[in-house]
Amino acid sequence: MQILTDSTRFIRVLIRRGIVFLVPAFMAACHLPDVNLATPKPIEVNLNMRLDVYQYTGDAPKPTEQVKTLAEAMERQRNRLEEVQTVKNNRFVGENHRGQLELREAPAGEWGEYVKRTVQAENDDRMLLMRNEAQKSNRTLNEVQTEQWKLRIEKAFKGEYIEVPGDKEGTFKWIQATGPKVKAKGGVRGGEG
């Protein structure tokens, strides 16, 4: 036999007599106050947004300064031509698909630092001139870079590293140029071989 507590016995007695069923009826008879959940006016949400779009032109020089800078850049490139050709001949750099020099292998020591400075200076001048050309001809920088890349690989001497389209679309690979080729009209044209 189980020993039941007093409270358990009391509940059993209430169930037998049906008093437990009176509790829900008693609760239903109680009246709770009404709570108004409606608002007198609908909720308004005002959202104001301002969007300012700026085109960053970098530290673009003023038109008169730009002409001077472009002329200086072209002169610096002419003065640097022999140095650039020397590092190309030593196979330290190549012409990449963005129309710039790319350092493929840096020599050690001071000579390596010199090569890095030369490549950086040349690329800075090339970018200045390509940006100007893109702006002047109302083309994208990418279009001008592609045009410069094609011109430079056409003029590449035998053994210079050039970047050419890869096996898959959008990829590139390094090869050594086969050298200038003679055009049908007697001009010189570089190879991609």
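Measuring spread by the Cα atoms of region 63-155 yields a radius of gyration and Dmax of 13.8, 43 Å.
Between residue 135 and residue 84, the FRET efficiency estimated from the beta carbon spacing at R0 = 22 angstrom works out to 0.30. Does anything in region 140-167 have its amide N under 12 Å from the 7 Å Cα→Cβ label point of residue 102, and if so which residues? Backbone N within reach: 161-166. What is the calculated FRET efficiency for residue 71 to residue 173, with r their C-beta to C-beta distance and R₀ = 30 Å, to the nearest 0.05? Calculated value: 0.25. Applying 0.36 nm per residue to the separation of residue 9 and residue 155 and subtracting their alpha-carbon distance, the gain on full extension is 41.8 nm.
Read-outs: derived from the displayed coordinates by stated rules, not from any lab. Because the structure is predicted, anything quoted here is derived from the model rather than measured. Positions of Cβ are generated from backbone atoms using ideal geometry, with glycine treated the same way; all protein chains shown enter the neighbour counts.
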